[in-house]
């Protein structure tokens, strides 16, 4: 059922072994963050927890911008991240399974 754009299991495993973040690996990583949020939600209100996660994401993205990408101009990065977040949030809000 694989097509040209969909890597087979062997290709996917090879890519992941080489350190590439495949679509599948991306979703696994994201799911671990959601799992952590769900565990924390046992003792922390969701209305507090979501802001802590947003703060952590902003902090980590600032680190990536400044120290990994070494961007001197921060505003284009802020705009790109804001646009990406808005698109992801809108997609999840439109998902009836959420």
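The values are calculated or read from the model by the stated rules, or taken from the named source; none is laboratory data. This is a predicted model, so every value here is computed, not measured. Every residue, glycine as well, gets a Cβ built from its backbone with ideal geometry; the counts of neighbours run over all protein chains shown.
Counting only residues that are exposed (fewer than 13 other Cβ atoms within 10 Å of the Cβ) and part of a loop (DSSP other than H, G, I, E, B), segment 12-54 holds 7 of them.
Among residues of segment 57-76 that are outside the structural domain of residue 29 (by TED's automatic domain parsing), those with a Cβ under 6 angstrom from a residue that is part of a helix (DSSP H, G or I), sequence gap 6+ or separate chain, pair up as 61/81; 65/77; 71/65; 71/77.
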